[in-house]
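I have placed the structure first, in the form of structure tokens, so that the comments after it can refer back to it.
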Amino acid sequence: MILKHKKVAIWDFDGTMADSEFIHLNAYQTVFNELLPHAKPIDPEYYYYQVASLGGGAAKLYEDYSPPCTFDEFKALKKKYYVHFTSAGAIKIFPEILQVLELQKALGMKVMIASNTPVETNRRVLQSNNIDPDIIDDFVGPSPDMPRKPAPDMFLKSLKTSGFDKSAAVIFEDTYIGVQAGLSAGIDTCYLISDHNKHIKLPEKTLNISRAELMALYK
């Protein structure tokens, strides 16, 4: 896989482009502080492995903690706190990734974001980092008619919007379910390694690479 020869970069957002997983953790913890004040705090190692890296998400926390509300109420309350934290500008774009985005645009690549996080949230995070959201050619997010990852639909929609075929595209992900979605879409997938996800065993078809190594490949 020669990244510089690709014409389309399709990015995940949380944990891949943005250093945001700790904000998700804080939002969930705030929900549990409200609903389950006597429960043990969420263990960060459990969160980053089971909830974030393996993609268990809200469903895993809801199952394990059994808060006194419906699942939809749980998700809505978490979203309220997450939006509050993101509005305060707490989430930063990884500096290496910002440089990669600039290098990709200089190469004439189309840059897309396909994320389980709502489009308006991702745009707001970019703006809070003084990044014009229009640097991104297209955003795809969750909707009633758009299955979430590990379904490949988000990536396939980004690809269709780009006007290129699968061989011209590359996906950047940081979770197991994201890699599953990329491979199911039939698109080359890069797995960005961090301290939180480096122990996850992935299919051999993925390119496992750190943010610093990725930046070096584009320079």
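Every residue in segment 170-219 that is within 13 Å of L3 (Cβ to Cβ) and of a type in the set (K, R), please.
K219
Give me the helices (runs of 4 or more DSSP H) completely within segment 67-167, filtered to those with at least 1 residues that are touching a strand residue (DSSP E or B) at 6+ places or on another chain (Cβ under 6 Å), ordered by residue number. First the steps, then the outcome.
Details: elements: 71-87, 95-106, 119-128, 153-162.
Filter on segment 67-167 gives 95-106, 119-128, 153-162.
Considering only residues that are within 14 Å of D19 (Cβ to Cβ) and out of contact with any helix residue (DSSP H, G or I) (no Cβ under 7 Å at 6 or more places or on another chain), which ones fall in segment 94-126? Give the steps one after another, and end with the answer.
Our first condition is that a residue be within 14 Å of D19 (Cβ to Cβ); within segment 94-126, this holds for 94-98, 117, 122, 125-126.
Answer for segment 94-126, where residues must be within 14 Å of D19 (Cβ to Cβ) and out of contact with any helix residue (DSSP H, G or I) (no Cβ under 7 Å at 6 or more places or on another chain): P95, L98, T117, N122.
Look at A181 and say whether it is outside the structural domain of A58 (by TED's automatic domain parsing), free of Cβ contacts under 8 Å to residues at least 60 places away in the same chain, buried (at least 19 other Cβ atoms within 10 Å of the Cβ) and under 17 Å from the mean Cα position of the chain (by Cα). Steps first, answer last, please.
Working: outside the structural domain of A58 (by TED's automatic domain parsing): yes; free of Cβ contacts under 8 Å to residues at least 60 places away in the same chain: yes; buried (at least 19 other Cβ atoms within 10 Å of the Cβ): yes; under 17 Å from the mean Cα position of the chain (by Cα): yes.
Against the criterion (outside the structural domain of A58 (by TED's automatic domain parsing), free of Cβ contacts under 8 Å to residues at least 60 places away in the same chain, buried (at least 19 other Cβ atoms within 10 Å of the Cβ) and under 17 Å from the mean Cα position of the chain (by Cα)), A181 qualifies.
Out of all the residues in segment 169-200, which are farther than 17 Å from I97 by Cβ and among the hydrophobic types (A, V, I, L, M, F, W, C)?
A169, I177, V179, A181, L183, A185, I187, I200
Would you please name the residue that is farthest from the chain's Cα centre (by Cα), looking only at residues in segment 1-57 that are part of a loop (DSSP other than H, G, I, E, B) and surrounded by 22 or more Cβ atoms within 10 Å (Cβ to Cβ)? Steps first, answer last, please.
From segment 1-57, those part of a loop (DSSP other than H, G, I, E, B) are 1-2, 6-7, 12-13, 15-17, 20, 36-43, 54-56; that's our starting set.
The next check asks that each one be surrounded by 22 or more Cβ atoms within 10 Å (Cβ to Cβ); those that pass are 12-13, 15-17, 20.
Details: D12: 4, F13: 3, G15: 5, T16: 5, M17: 7, S20: 9 Å.
In this case the residue turns out to be S20.
The values are calculated or read from the model by the stated rules, or taken from the named source; none is laboratory data. Quick caveat: nothing in here was measured; it's all calculated off a predicted structure. In this analysis, Cβ positions are derived from the backbone assuming ideal geometry, glycine residues included, and neighbour counts consider all displayed protein chains.
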